[in-house]
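First the structure, in the form of structure tokens, and then the observations on it.
The values are calculated or read from the model by the stated rules, or taken from the named source; none is laboratory data. Predicted, not measured: the structure shown is a model, and the values here were computed from it. Please note: Cβ atoms are built from the backbone with ideal geometry, for glycine as well, and neighbour counts cover all protein chains shown.
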Amino acid sequence: MFVLIVSVLLLTALVMSLPEQGGNAFDRSMEAWMAGFKSDGMTVLFKLFSQLGSTIAIIGITLISALVIGWMRGWLRGASFMAGVAAAYLLNSLLKMWIDRSRPAVAWGIEADGASFPSANAMLAIVMYGLLANMIIQSSSIRGGFKFAAIAVAALLILMMGLCRVYFHVHYLTDIMGGYAAGLAVISILMMITYAFNKNRGAA
């Protein structure tokens with residue numbers, strides 16, 4: 001509940017702080033800072049992470065992960081994982097339609113369309129990899145070292161899939177933060193539903 005409240009408050013604060021046009025001072029500072037890292041090697045690296053956040057990649061990873069989770073942990077868990085990612089996509093689409101923020105005018109390197117806030121890449125990344133990491137953490141058959149590695153890998157993927165969008169200027173940093181906040185809200189709600197369901201099933 002605490003994470004849900006904090007994420008909703010952060011998302012609300014970000015929405016209220018958005019300028020009518022362009023980015024705010026925080027966004028412009030981040031764009032200038034990321035521009036300092038521009039190089040051929042970084043461009044190749046960030047394009048790789050951008051591809052991991054594409055619609056096709058998200059669908060593919062979600063389906064494969066749901067099948068693996070269903071086979072190893074039960075089909076209900078696999079279905080809940082898919083439902084979480086689908087809910088994040090739906091919420092992201094609704095928020096984009098409502099806020100309708102224009103993308104940065106200086107985008108380069110990759111193509112992106114649609115509204116800018118919140119970032120779908122950031123939102124789907126934190127939901128998808130966050131749920132996967134949470135399932136690994138909760139598994140009693142997985143050793144602690146592997147759980148730590150799963151958290152580290154998930155955090156790296158979530159961070160880089162957000163930063164790559166700022167690197168290519170197809171999103172403002174506030175778009176990324178909004179995606180993370182909205183994604184955390186989705187994860188929190190899904191975990192609350194799962195906890196309530198398991199509690200009621202245990203009491204039955």
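Taking the condition assigned to a helix (DSSP H, G or I), touching a helix residue (DSSP H, G or I) at 6+ places or on another chain (Cβ under 9 Å), under 24 Å from Ser7 (Cβ atoms) and of a type in the set (A, V, I, L, M), does Met42 pass? So Met42 does not fit the description; no. Annotation for region 137-149: at least one member residue is in contact (Cβ under 8 Å) with a residue 24 or more places away in the chain and either surrounded by fewer than 20 Cβ atoms within 10 Å (Cβ to Cβ) or within 23 Å of Ala35 (Cβ to Cβ) (or both). Can you tell me which residue is nearest to Ala182 (Cα to Cα) among those in region 13-61 that are of a type in the set (Asp, Glu) and touching a residue at least 12 places away in the same chain (Cβ under 8 Å)? Restricting to residues being of a type in the set (Asp, Glu) and touching a residue at least 12 places away in the same chain (Cβ under 8 Å), the top hit is Asp27.
Leu76: exposed (fewer than 15 other Cβ atoms within 10 Å of the Cβ), modelled with pLDDT under 90 and farther than 23 Å from Leu157 by Cβ, yes or no? Yes, satisfied. Residues in region 97-111 that are within 19 Å of the chain's Cα centre (by Cα) and buried (at least 18 other Cβ atoms within 10 Å of the Cβ): Arg101, Arg103. Against the conditions (1) small (Gly, Ala, Ser); (2) part of a loop (DSSP other than H, G, I, E, B); (3) without any contact (Cβ under 8 Å) to a residue 24 or more places away in the chain; (4) over 27 Å from Leu10 (Cβ atoms), Gly78 satisfies every one except (2).
In region 170-188 there is at least one residue that is hydroxyl-bearing (Ser, Thr, Tyr), closer than 16 Å to Val3 by Cβ and surrounded by 22 or more Cβ atoms within 10 Å (Cβ to Cβ).
Yes or no: region 2-13 includes at least one residue that is surrounded by 13 or more Cβ atoms within 10 Å (Cβ to Cβ) and not in a helix (DSSP H, G or I). So far as region 2-13 goes, no, none of its residues is surrounded by 13 or more Cβ atoms within 10 Å (Cβ to Cβ) and not in a helix (DSSP H, G or I).
The single condition from (1) outside any loop (DSSP other than H, G, I, E, B); (2) crowded, with 17+ Cβ neighbours inside 10 Å; (3) of a type outside the set (Val, Ile, Thr) that Pro118 fails is (1). Checked against the criteria, Leu45 does not count as of a type outside the set (S, T, N, Q) and either closer than 30 Å to Ala196 by Cα or modelled with pLDDT under 90 (or both). Would you check which residues across region 81-107 are assigned to a loop (DSSP other than H, G, I, E, B) and either modelled with pLDDT of 90 or more or of a type in the set (Val, Ile, Thr) (or both) and list them? Answer for region 81-107, where residues must be assigned to a loop (DSSP other than H, G, I, E, B) and either modelled with pLDDT of 90 or more or of a type in the set (Val, Ile, Thr) (or both): Asp100, Arg101, Ser102, Arg103, Pro104, Val106.
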